[in-house]
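The values are calculated or read from the model by the stated rules, or taken from the named source; none is laboratory data. Being a predicted model, the structure only gives us computed values, none of them experimental. Heads up, the Cβs are rebuilt from the backbone with ideal geometry, glycines too, and the neighbour counts pull from every protein chain shown. Just so you know, the surface numbers come from the protein's heavy atoms only, side chains and all, with ligands and any DNA or RNA stripped out. Shrake-Rupley method; radii C 1.70, N 1.55, O 1.52, S 1.80 Å.
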Amino acid sequence: MRYLIVCLGAAMLLTACGNETSNEKKNMDTGADARFDAYKERFVEELWRTHPGWASSVGYHKYDSVLLAPTPAERDKEIAFCNRHLDSLKQFDKNALSDNNKTDRLMIQNQLESSIWSVNEERSYEWNPSGYNVAERFAEILNGTYDSLDTRLHNIGIKLAAVPAYYEAAKQNIKNPTKEHTALAIEQNEGGTSVLETDLPAALEKSKLPAEEKSMIAERAKAAVAAMRGYAAWLKGMKNDSPRDFRLGKALYLKKFNYDIQSGYSVDQVYDKAMKRKQYLHSKMAELASQLWSKYMGTAAKPADSLVMIKQVIDKISLQHVSADSFQASIEKQIPVLTAFVKEKNLIYLDPSKPLVVRKEPDYMAGVAGASINAPGPYDKNGNTYYNVGSLAGWDKARAESYLREYNNYTLQILNIHEAIPGHYAQLVYSNQSPSIIKAILGNGAMVEGWAVYTELMMLENGYGNNAPEMWLMYYKWNLRSTCNTILDYDVHVNGISKEQAIHLLVNEAFQQQSEAEGKWRRVTLTQVQLCSYFTGFTEIYDLREELKAKMGSKFNLKEFHEKFLSYGSAPVKYIREMMLKEIK
Ligand code: ZN
Ligand code: ZN
């Protein structure tokens, strides 16, 4: 029922655009939509049964006690599940479905095809030992607040019994792993034991479970810890004379890009756009740095190399930053300023009944410096949305200073636009109003990150920061980061560039600190394609806006564009584009 109501709401917006025929069509086809809605419920329930760990992580706790061993039999079951549902999807004529269900159908199909591809071709279960780690699954249940401690501990007790078999199956899977993923697996499995050795015993102390059960859980925890350590030791001692290159290679990369990003552009098009964007940003930055030179550098001679000149001006501007102990307070103060600007300039409606709570990051997240948005999952829609701000307490002076320069007075504002208003936080509020559990679970990362990156530029275009050259220069530097993320990912995984070449790109062409560049290198050795999501989504959204502007002329309205765009939920931009283009016809 819920789906239907929202579906009609979308139809009413359609009428406002003068599209009567598709409105009528919608009403006629509610039969197909009702059938598809029922199917989606079955699909999701089965998805969770097949992936109990994923289920727990999104707040669906029916399978908390289950830990499946990654055996060939489990992979066969996974493939059978995917094929069965690909078959079921064929029963639904996509033209008979509402736009919402049409995109849900495509997203389910993509998920299923991607899983099959991953098992049969990507085969990371063979070369990525860090795919095996139970620590986080136990930590999530242990730190959860959704159920009583005793219930959660009871489930943990059952789950713990499966840990030794889980690692045995993992060892059977591994063949020629990459050195990088092997090192990560050792580090994470050794580090992860504290959940079971420290946090779990502390929780057992507080528990009212019968003494027998408690001691059984403690025993199983010991065996689980031994299995984790045993796995790490096995990896350390493994003979691996011809480790696989962590670089994915072109064939796999192209497919992974298609499944994970679901862009309307090909990889080559995106790479080409990123290279052009880098050039554009450099030329804009050179103009601004030249203009700001005497203000910041006095009578010093301007370096002939424009990249060197840009870097010197950026370094000077970065000295304007808040102090370590006012970091969180500065962020808190900025949220109402951003909200007021968005309202004054009519950029997008922000629901005042859904305030954003800024908080110090909770202890169990500590160590993840910086800022992040913590959104309620699809099964806890009314939960608070938190803006977690890492504390710099306990950092040594040099590290804190470098961090504060990175998040200087200008960049900190761009970060807040990205994470909060009107970036991730605003998008989340809209996506929670979108009726689709599918989009909540299979949400498209390129759309989500692309939106946040797009809003940075959009705010500045509308005069945020009073068009100060410093603000634009720091924005361009920030945008260069996501642009170069894409270039880096492709150059490393497909073109095979070396670490030295990668660091050169990040430090000399994207003006990053050595430590940031080293961190990014580590990330690109451990992930594939994900670094492309920011720039790809940004470019697609920006291009869509410009396309609609050109087509609609004086009828184009920026606020309506933003609200309409977000109303489809976290769907791939190419699908949103199709629907928006259809509507203006
Ligand atoms: Zn300083
Ligand atoms: Zn983001």
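Things worth noting here:
- Dividing the mean sequence gap of close Cα pairs (under 8 Å, 6+ apart) by how many residues the range 129-246 holds gives a relative contact order of 43 percent.
- Inverse mean reciprocal Cα-Cα distance (Kirkwood Rh) of the range 384-506, Å: 16.8
- Length gained on full extension, GLU197 to GLU45, computed as 0.36 nm times the residue gap minus the Cα-Cα distance: 51.4 nm.
- Computed lengthening from ARG523 to ARG123, 0.36 nm per intervening residue step minus Cα-Cα distance: 142.0 nm
- Remark on the range 31-156: hydrodynamic radius 16.4 angstrom, per the Kirkwood mean of 1/r across alpha carbon pairs.
- Label-point separation in nm, SER402 to TYR146, each point 7 Å along Cα→Cβ: 3.9
- Projected over all directions and averaged, the alpha-carbon convex hull of the chain occupies 28.4 nm².
- FRET efficiency estimate (nearest 0.05) - Cβ-Cβ, LYS208 to ALA286, R0 60 angstrom: 0.35
- Our summary gives the chain a relative contact order of 16 percent, counting only alpha carbon pairs under 8 angstrom and 6 or more residues apart.
- Sites ASN467 and GLN320, calculated FRET efficiency, Cβ-Cβ separation with R0 22 Å, nearest 0.05: 0.80
- Percent of beta bridges antiparallel (DSSP, the chain, rounded to nearest 5): 50
- Trypsin sites (Lys or Arg not before Pro) lying in DSSP loop within the range 348-438, provided at most 16 other Cβ fall within 10 Å: LYS381
- Rounded to 5, the percent of DSSP beta bridges in the range 334-458 classed as antiparallel: 50
- For the range 257-584, alpha-carbon Rg relative to the globular expectation (2.2 N^0.38 Å, N residues): 0.99
- Share, in percent, of DSSP beta bridges within the range 257-584 that are antiparallel, nearest 5: 50
- Evaluated at q = 0.11, 0.18, 0.20 Å⁻¹: base-10 log I(q)/I(0), Debye formula over Cα of the range 439-585: -0.51, -1.08, -1.19
- For the chain, the per residue solvent-accessible surface stands at 45 Å², with DNA, RNA and ligands left out and a 1.4 Å probe.
- Backbone N within the range 396-428 under 15 Å of label point (7 Å from ASP351 Cα along the Cβ vector): 425-428
- Remark: the range 66-121 projects, on average over all directions, an area of 4.7 nm² (convex hull of Cα atoms).
- Potential extension, ARG84-THR299 segment - 0.36 nm per residue separation minus Cα distance: 70.2 nm
- For the range 383-394, putting each phi into the Karplus relation 6.51 cos²θ - 1.76 cosθ + 1.60 with θ = phi - 60° gives couplings of x, 6, 9, 10, 9, 7, 10, x, 8, 9, 4, x Hz, in residue order, rounded to whole numbers and with x for Gly and Pro.
- Here the range 128-232 is described by how far its Cα atoms reach on the three principal axes: 46, 23, 19 Å, from widest to narrowest.
- Estimated 222 nm signal from helices in the chain, with DSSP H stretches of n ≥ 4 weighted -39500 (n - 2.57), rounded to 500: -21500 deg cm²/dmol
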